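Quick note: the coordinates plus some simple rules give every number you see, no bench work behind them. Note that this is a predicted model, so its numbers are computed, not measured. Because the Cβ atoms are built from the backbone with ideal geometry, glycine has one as well, and the counts that use them run over all protein chains shown.
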Amino acid sequence: MIRTLEEVFQRALGRLSDQITTYLPPLLVALTMVLVALLLAKGVRWLLVRAVNGARLDRFLKDSGLSSLLGGAGRVRGVPLVAGAAYWLILIAGLLAAVDVFDTKLTSQIVETSVFLLPKLLIAGAILLVGAWLAQYFGRSALVWASNEDLPAPRRLAALVRAVLVFVAVVVAAEVLSFAANVFFAAFVIFAGGVALTVSLALGLGAREAVERHLRGKAERPPEKEERSLWNHL
Amino acid sequence: MGQTPLPTEALNALSAVREADIVIGIPSYNNAATIGHVVRAAHAGLAKYFPQFTGAIINSDGGSKDATRKLVLSSQIQDTHLLMLSTPLKPVHRLSCPYHGIPGKGSAFRLVFQMASLMKAKACAVVDSDLRSITPEWIDLLIRPVLLGGFDFVAPYYHRHKYDGTITNSIVYPLTRALYGRRLRQPIGGDFGVSNAMFSRYLARDDWETDVARYGIDIWMTTIAVAEGFRVCQSFLGAKLHDAKDPGSDLSAMLQQVVGSVFTLMQEYQSTWMAQAGSQDVDLFGFRYDVGLDPIEVNLERMLGAFRRACDDLREIWAIALRPQTLAAVLNLSKAAMSGSGFRLEDDLWVRLIYEFACTYKQKPVERSHLLRSLTPLYLARVASFVIETKHLFAAEVEERIEKLCRCFEELKPYLTDLWLGKGAEDPRPGLQQGPQAIVEVKS
């Protein structure tokens, strides 16, 4: 009985020893790589923050309106942003390299998928950022135009423009990532169709009188006086 | 030279008329109702006052679909009725050519200046094609200071109704005067006389394809003349009465083009206007007299209504341009706008507002279009305030009121300079129109 237990114990010890001799060196290497990547990422971030002036980038972010879009009440600085991106890229690269050290089917798959997905993620992120910027820009354009043209509910119109553009950006980003692309596309078609139907119904039924009143109000203004008063501004 | 090739019709016309001492340019677009009168006045002016010079009247047309161009070439004057002291020794040629490029007054002027340059003209005058009050004397008053007085730029000086020219009175005149120190009363009057040196300078520039091509042309011409040290003067032309027809434009776009041109030129001539303090009078030629003016109807309720609605809708955009104190003061006016007759947008608030818009225009190029278009309801509020304030005033008193605004623009110029240079200017009137409601919530 004791002998059997001893054998079982030795077998377990042997397996553990095998496991340790198989996986400990790669684990140590992986940990070292992560540590090196972490140090490198921190070093690069530190260097970038201190060595690069970034005034031009800050100006670009401010002038383009990206700084207010990225939050921080428009006080987002370019260099910390780039340094942060470099930090995370190096760290992710280090992690992937560390995972790859184990050389198993699973880890190879993880690394392969990540390498394949990372550029797509970056592109999708850029698409979302551009979409958000365009949404803000055209939302403001719609707001000012609707307000100056005395249209009803300019803020709602601007919000609608923003929502449509953000939604389009999300659909395109999902397409790039091949992530539930059909679902997003179908949702977009339903949304666009819904908006068209709602507007048609609103004009045809509920808001008919309001639209009529609005149009009549416009029509009732004597055009001659409008044009005349326009000239008189200069 | 920022040249574009001349249209074939212009080249053909130039081959017929090789040289001219004086060129009168008339931009047009569907002005058949009035252009005949303008051409006759220009022709008579050249024949009567400059008989010893060769003259050319150039109509630069934007593709009129009526008989505008035909009328330019066919309208007749009877020399015997002009009571001329001498018989014209040189001919007056008439040309009508379509201009190419961006449709607008600026593009039309460009063609006129190009042709004047090729004709080696000594002086050139440009007059609007919808004028009803132009007389032959206008040509004399716009050309003589250039030909005989050595001036490079002659700006018009008109008598106008107190509610006429409100962009001029509330923004362009006071701002240009405060910036460049010259009191040119009608900087965007539209009728100018310029020397060869002046229009050559205009042609040498490369910004013709901007707002300059449209309504920005007048302030662009004036600012370059003043800021670059050309000799400028004014000529009294009497009343300005014109046909009220301006298809396809709206106030917002007009304001954007005019004010945008002023702000753009502020960047180019930064060193000039920063070195300038105060302002001086400019020579005024012509015999001044009082004239009767067409009444102008204004719709106060519509202007104040536009402002009230914008206070709700556009505060997000205004918050980009205005400092928190200024924005709070503007939004506090929203309630006052309900009362109508009690509404006031005070001078110093208006000046701060314009200066802050100018600085943000420089700092945020992407937002320029939004900023300038969002200025429209603020401008309407200022006009409404001006109308209420001057309701019972006579012309001279109104002029004094405009003078007061100009002085305010000049006094607050250090505020503009500090803001422009990003020095974080102190509020020139701390606590102005602010109360417990001064904290503004900006909805996005």
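Data overview
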| read-out | value |
| --- | --- |
| Gaussian network model of chain B, springs between alpha carbon atoms under 10 Å - residue of B:GLU316, B:GLU410, B:GLU19 with greatest fluctuation | B:GLU316 |
| Values of log10 I(q)/I(0), in the order q = 0.08, 0.10, 0.11 Å⁻¹, for the protein assembly as shown under a Debye, Cα-only, solvent-free model | -0.75, -1.04, -1.18 |
| Amide H contacts under 5 Å for B:ALA239, placed H, 5+ residues apart | B:HIS159 |
| Sorted largest first, extent of chain B alpha carbons per principal axis (Å) | 75, 45, 41 |
| Reach of B:LYS404 by Cα under 19 Å, taken over aspartates and glutamates that are not fewer than 8 positions away in the same chain | B:ASP164, B:ASP281, B:GLU346, B:ASP347, B:ASP348, B:GLU389 |
| In sequence order, calculated HN-Hα J values of region B:212-229 (Karplus, 6.51, -1.76, 1.60; Hz; x Gly/Pro) | 4, 5, 10, 6, x, 4, 5, 6, 4, 4, 5, 5, 4, 4, 6, 6, 9, x |
| Pairs from B:LYS90/B:LYS240; A:LYS62/B:LYS423; B:LYS162/B:LYS364 whose Cα-Cα separation, in the structure shown, is over 23 Å | B:LYS90/B:LYS240; B:LYS162/B:LYS364 |
| Over 26 Å [Cα-Cα, region B:44-200], rounded percent | 32 |
| Net charge contributed by nearby residues that have their C-beta within less than 13 Å of B:ARG69 (K/R +1, D/E -1) | 0 |
| Relative contact order (%) - criterion: Cα under 8 Å, at least six apart; region: chain B | 16 |
| Rounded Å value of the spacing that divides the Cα centres of region B:399-425 and region A:71-130 | 51 |
| Cα-only Debye scattering, region B:145-196: base-10 log of I(q)/I(0) at q = 0.26 Å⁻¹ | -1.02 |
| Inter-chain Cβ neighbour average for residues B:304-315, partner chain, 10 Å | 3 |
| Per-residue Cβ neighbour rank within 10 angstrom, fewest leading, B:ASP347, B:ASP218 | B:ASP347, B:ASP218 |
| Loop-located chymotrypsin sites (Phe, Trp or Tyr not before Pro) in region B:363-406, at most 13 other Cβ atoms within 10 Å (DSSP) | B:PHE394 |
| DSSP bridge pairs, the protein assembly as shown: antiparallel proportion in percent, nearest 5 | 20 |
| Scattering curve values for region B:183-253, log₁₀ I(q)/I(0), Debye with Cα scatterers, q = 0.14, 0.21 Å⁻¹ | -0.53, -1.07 |
| For chain B, built as a Gaussian network whose Cα springs stay under 10 Å, the top-fluctuating residue of B:GLU400, B:GLU411, B:GLU137 | B:GLU400 |
| Within region B:295-346, chymotrypsin sites (Phe, Trp or Tyr not before Pro) in DSSP loop having at most 15 other beta-carbon neighbours inside 10 Å | none |
| Rounded if a/c under 1.5, otherwise prolate or oblate - region A:83-210, Cα gyration tensor axes | oblate |
| Per residue Cα convex hull volume in Å³ - calculated over region B:296-423 | 104 |
| Alpha-carbon centroids, region A:1-22 and region B:86-164: separation in whole Å | 107 |
| Interchain or long-range residues, amide H under 5 Å from B:ASN59's placed H | B:ILE26, B:LEU95, B:SER96, B:CYS97 |
| Estimated vicinal HN-Hα couplings, Hz - region A:122-129 in sequence order (Karplus 6.51, -1.76, 1.60; Gly, Pro = x) | 5, 5, 4, x, 5, 4, 5, 5 |
| Kirkwood Rh (inverse of mean 1/r, distinct Cα pairs), region A:1-56, angstrom | 15.1 |
| Quotient of Cα Rg and 2.2 N^0.38 Å for region B:132-231, N being how many residues it contains | 1.08 |
| Under-5 Å amide H pairs with B:GLY165, H placed in peptide plane, nonlocal only | A:HIS233, A:LEU234 |
| Per-residue HN-Hα couplings for region B:374-381 [Karplus 6.51, -1.76, 1.60; θ = phi - 60°; Hz; x = Gly/Pro] | 6, 6, 3, x, 5, 5, 5, 5 |
| Shape category assigned to region A:129-191 from the gyration tensor of Cα positions, a/c cut at 1.5 | oblate |
| Whole-Å semi-axes of region B:272-345's equivalent ellipsoid (Cα gyration tensor) | 34, 25, 10 |
| Qualifying lysines (Cα of each under 25 Å from Cα of B:LYS335; at least 8 residues distant if same chain) | B:LYS391, B:LYS443 |
| Cα gyration tensor, region B:1-77 - rounded (a/c under 1.5), prolate or oblate | oblate |
